[in-house]
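**Student:** This is the structure, below, for whatever I ask next.
Where a number appears in this text, it was derived from the coordinates with a stated rule and is not lab data. Source: prediction; values computed, not measured. Note: ideal-geometry Cβ built from the backbone for every residue, glycine included; neighbour counts use all protein chains shown.
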Amino acid sequence: MRASSFFITQSNANNMKKLSEWWVYLAGVIAVIGVIIHIAAIFGGPSWYAYFGAPPQIVQSAREGTWLAPVSTMMITALMAICAAFAFSALGLIRRLPLLRTGLAGMAAICLLRSMILWPLMINHPELRNTFEIVAAIVWGLAGVGFVFGFRLVHAHR
């Protein structure tokens, strides 16, 4: 093998690793933004819950001041924080989490499913044909791709 082909191959490998890392960062940032939005919704009140597409019973709970809205929102917030932690763990920014590859694979599957399920559902549910739902599907699809890259990155380091 010529030295120049080694460097080209090494350069390509470094570029692919950087691209993979960029996707994983994106997934982590999307999850952190989700955390921020959900916490802000608790303080923003019923109008925020409604704007971000919360189910009617959650919006009603926020209006009435019952525990359903904040508790369910904090549960979703915790799940998104876990997603962010797994992405940042795959990047080596925080210590390696247990079941890292399994968690990343599961997160990728859930995000990609969340992204893809909207399109057939819109056929019989025209209320889902709105900007928020479409943007959310695209964003979670991007996060899903990031978690796939995270899985592959961790798998390659094994």
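**Student:** Can you show me the helix-derived [θ] at 222 nm for the chain, built from DSSP H runs with n ≥ 4 at -39,500 (n - 2.57) apiece and divided by the number of residues, rounded to the nearest 500.
**Tutor:** It lands at -29000 deg cm²/dmol.
**Student:** So which DSSP H runs in the chain come out at 24 Å plus along the axis (Cα) with average Kyte-Doolittle of at least -0.5?
**Tutor:** The qualifying helices are 3-44, 68-90, 100-124, 131-157.
**Student:** Of Leu79, Ala108, Gly65, which is farthest along the charge dipole of the chain in the positive direction, counting Lys and Arg as +1 and Asp and Glu as -1 at C-beta?
**Tutor:** Farthest along the dipole direction, towards plus: Ala108.
**Student:** Over its Cα atoms, what ratio of radius of gyration to 2.2 N^0.38 Å does the chain give?
**Tutor:** 1.26
**Student:** Which part of region 15-58 falls in the paramagnetic zone of Ala81, meaning amide N under 11 Å from the point 7 Å along Cα-to-beta-carbon?
**Tutor:** Only 35-36, 39 pass the distance filter.
**Student:** Per q in 0.17, 0.29 1/Å, what log10 I(q)/I(0) does a Debye calculation on the alpha-carbon atoms of region 87-146 return?
**Tutor:** With one equal scatterer per Cα and no solvent, log10 I(q)/I(0) is -0.62, -1.11.
**Student:** Still on this structure, please answer the following. Which Cα, out of Asn130, Ala50, Leu99, lies furthest along the positive dipole direction of region 1-134 (beta carbon charges, K/R +1, D/E -1)?
**Tutor:** Leu99
**Student:** Can you tell me, using C-alpha contacts under 8 Å and at least 6 residues apart, the relative contact order of the chain as a whole percent?
**Tutor:** Once normalised by length, the contact order is 32 percent.
**Student:** Direction-averaged shadow area of the convex hull around the Cα atoms of region 14-88, nm²?
**Tutor:** For region 14-88, averaging the hull's shadow over all directions gives 5.1 nm².
**Student:** Moving on to the next point. Based on Cβ point charges of +1 for Lys and Arg and -1 for Asp and Glu, what charge dipole magnitude is obtained for the chain about its Cα centre, in debye rounded to the nearest 20?
**Tutor:** 740 debye
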